[in-house]
Amino acid sequence: MYRYTTTKKAFARYHAYNPKYFPLVFLKIVFERISPYFNLWMSAEIVTALYEGRERNTLYFLVAVTLFGNFFVQAAGAVLRRISETAREVLDNNEAAAFYRKTLSLDYNKMENPQIHLLRRKIQENSFINSYGVVFMRNLLEMLFSSAIDIVFSAVLFVEMISFLAAVPFRWFGVFLILLMAGFVVANTILQAKNGGKSAVYWDQISAVMLEENRISQGYMMAGMDNRIYRQQLIVNRVYEKSNKAHLQVFSKVRTKVFSLSLPNMVLFKLSELCSYLVICFYCVIGAFPVGSLIKYVGYLGKITGGVSTISYALNSLKTNEQFLETYLEYFAVANDMYQGSLAVEKRSDKQFEVDFCNVGFRYAGMQDAALKNINLKLKVGERLAVVGQNGSGKTTFIKLLCRLYDPTEGEIFMNDFNIRKYDYRQYLDLFSVVFQDYNLLALPLGNNVASAPEWDKEKAKRLLCEVGFGERYETMPAGLDTPLYKEFDEEGVNVSGGEAQKIALARALYKDAPFIILDEPTAALDPIAEAEIYAKFDEIVGDKTAIYISHRLSSCRFCDKIAVFDGGRIVQVGTHEELLRDTKGKYYELWQAQAQYYA
């Protein structure tokens, strides 16, 4: 017997996002399913009363009960429907928030891991295909409960019908038809269970093709400007048409196979319905049942057979959906393995921090070649270090290790004679202000972006914005630091240019007031002269902090105390600007000569 272990685990997690939702929706379903049964019952009673010529007052009473009963059931159902819809919004919002909280809580090396990235992408893509995953599970559970309610209510009327048959002639005929109907229902259920696995395989084939089609669509939709300049839509259309054709071919084959599997189920279901009609009609004709029972019993028996069929379908679909729930649960089960440390970082007023890289090497997950090899470098407090090298030489990876976004795969990094892994992780991160090349600003007020906090020091934020050259633009901000950036969430938001965004990012780094400040090529899009000017001006603002400037260009080198030249994941030279230029065969001299025209 299938245990639905994965579904149970997924339901426990999903239900916790809003424990009120499922009790409310199940209560709503009860009132929704009562309505047709109540109407069938009362319609049967009214028809019987008319046929038997009962008193007018009896008819008035039955009509009044029908009207007021319907009003109560419909009103209660409407109230519960509205409440449950609100609860579903809360459920969906909390589930989405939990998904993103999980993503943000992952170690940085997990967030950049291709396998985990693919896992997260699969969950989102599965949700686009028939809502597979937790939403599909939710819909199936509601379908199961609805069908179970149908069967319970119908069973009550079924017992009443059986009690009638016990006292009428030809009862053996009714018993035979009911047993035959039950046989068809059981056969239908068994056949559905047997064919459920085959159907799942067929639908998986469609899912795979649809995933590819969605990826093609999403990937090419991003190439907006290039698409128009180079008329890439001609290529895109060809690729998309090819994918769409493959989708249609697979869909046609799968639909044919699924239909051939479901055809016996359809026949058995119709035969069970036929038996129910024969039972009711036969006994109504011979006068064993009141004439109104034709309405009542036919409707109820039909709902029994339909309910059993729906439950069988839902259970099989839950089994199919478990593979998608496994992906969902696998993502939430991803464990962080970066050691968090417990040693407190000294809160030194003199900011005397010394960092030492000792034979450090690093290899990214899934990569054969090491990104860094045998790195040895000592960084003293207050120093200006320029990290230079061509693209792909390992500069950014070096900074990721320094900031402990990754741990080395070889060697150790020390700060004040202790391995940095021993320090409290959060406290250690607080030592660094970094402006990465791919920095991000949030669609929130300017003050939030500068302070990276809900509240900010107005005078400090404004002063730093002016110091990094954002002063003139700040004066045009309609609400000062309260002015929202961008328009994603606020129509009053202000768009800023790339250069202006860089200045805000620089102000944010300074606002944190960390002992180490790092610029990781945030100005790479600027020309060399503009970059040199920004680096020189920023160096004046940094003061006595330890500063690291990273670039594949050499604009920051002249005013730095030490330069580390990276090439192929190694440090190939260390020295001052003048010392390195004297080595005419060195990498630094080669880079300088290639760029000297910009700095002459």
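Can you sort F99, F26 by 1.4 Å-probe accessible area, starting with the largest? Before the final figure, lay out each step's value.
Values: F99 15, F26 55 Å².
Output order, biggest surface exposure first: F26, F99.
With a 1.4 Å probe and every protein chain left in place, tell me how much accessible area C275 has, in Å² to the nearest 10.
The accessible area of C275 comes to roughly 10 Å².
Arrange the residues H577, H117 by how much accessible surface each exposes, largest first, with a 1.4 angstrom probe. Could you put the intermediate results ahead of the total?
Working: H577 15, H117 95 Å².
Reading off the accessible areas and sorting them downward yields H117, H577.
For E354, list long-range residues whose amide hydrogen, built 1.01 Å from N in the peptide plane, is under 5 Å from its own amide hydrogen.
Amide H to amide H, under 5 Å and 5 or more residues apart or across chains, E354 pairs with N416.
Which residues' amide hydrogens lie under 5 Å from the amide hydrogen of I518, considering only partners 5 or more residues apart or on another chain, with H built in the peptide plane?
Correct list: S433, V434, V435, I548.
Using modelled amide H (1.01 Å from N, peptide plane; none on Pro or chain starts), what sits under 5 Å from the amide H of L485, excluding residues fewer than 5 places away?
Hits under the 5 Å cutoff: L444, L446, V494.
At a probe size of 1.4 Å, how large is the accessible area of F176, to the nearest 10 Å²?
110 Å²
If you plug each phi of the range 438-448 into the Karplus form 6.51 cos²θ - 1.76 cosθ + 1.60 with θ = phi - 60°, what whole-Hz ³J(HN,Hα) values come out, in order, with x for Gly and Pro?
Result, rounded to whole Hz: 9, 4, 10, 10, 9, 7, 9, x, 3, x, 4.
Could you compute the net charge surrounding G77? Neighbours are other residues with a C-beta less than 14 Å from the C-beta of G77; K and R count +1, D and E count -1.
On the way: positive: K28, R33, R81, R82; negative: E32, E85.
Cβ neighbours under 14 Å give a net charge of +2.
When the Karplus curve 6.51 cos²θ - 1.76 cosθ + 1.60 is applied with θ = phi - 60°, which whole-Hz ³J(HN,Hα) does each residue of the range 564-571 get, with x for Gly and Pro?
10, 9, 9, 7, x, x, 10, 8
Expressed as a rounded percentage, what relative contact order does the range 1-157 have, with Cα pairs under 8 Å and six or more residues apart? If you can, show how the numbers build up before the last one.
Working: 75 pairs, mean separation 56.4, N = 157.
Computed value for the range 1-157: 36 percent relative contact order.
So what does E488 come to for accessible area, using a 1.4 Å probe and Å² rounded to 10?
130 Å²
In sequence order, what are the phi-derived ³J(HN,Hα) couplings for the range 469-480 according to the Karplus relation 6.51 cos²θ - 1.76 cosθ + 1.60 with θ = phi - 60°, rounded to whole Hz, with x for glycine and proline?
x, 9, x, 4, 5, 4, 5, 8, 5, x, 10, x
Net charge near S342: determine it from the other residues with C-beta under 15 Å of the C-beta of S342, scoring Lys and Arg +1 and Asp and Glu -1. Could you put the intermediate results ahead of the total?
Values: positive: R404, R421, K422, R426; negative: E346, D424.
Charge balance in the 15 Å sphere: +2.
In what order, largest first, do I190, I149, I550 sit by accessible area if the probe radius is 1.4 Å?
Numbers: I190 110, I149 25, I550 0 Å².
Largest accessible area first, the residues go I190, I149, I550.
Rounded to the nearest percent, how much of the accessible area of the range 413-495 (1.4 Å probe, protein heavy atoms only) is carbon and sulfur?
Values: 2280 of 4690 Å².
That fraction is 49 percent.
The values are calculated or read from the model by the stated rules, or taken from the named source; none is laboratory data. Treat the numbers as computed from the prediction; the structure is a model and nothing was measured. Cβ atoms come from the backbone with ideal geometry, glycine included; neighbour counts cover every protein chain shown. Note: areas computed on protein heavy atoms with side chains; ligands, DNA, RNA excluded. Shrake-Rupley method; radii C 1.70, N 1.55, O 1.52, S 1.80 Å.
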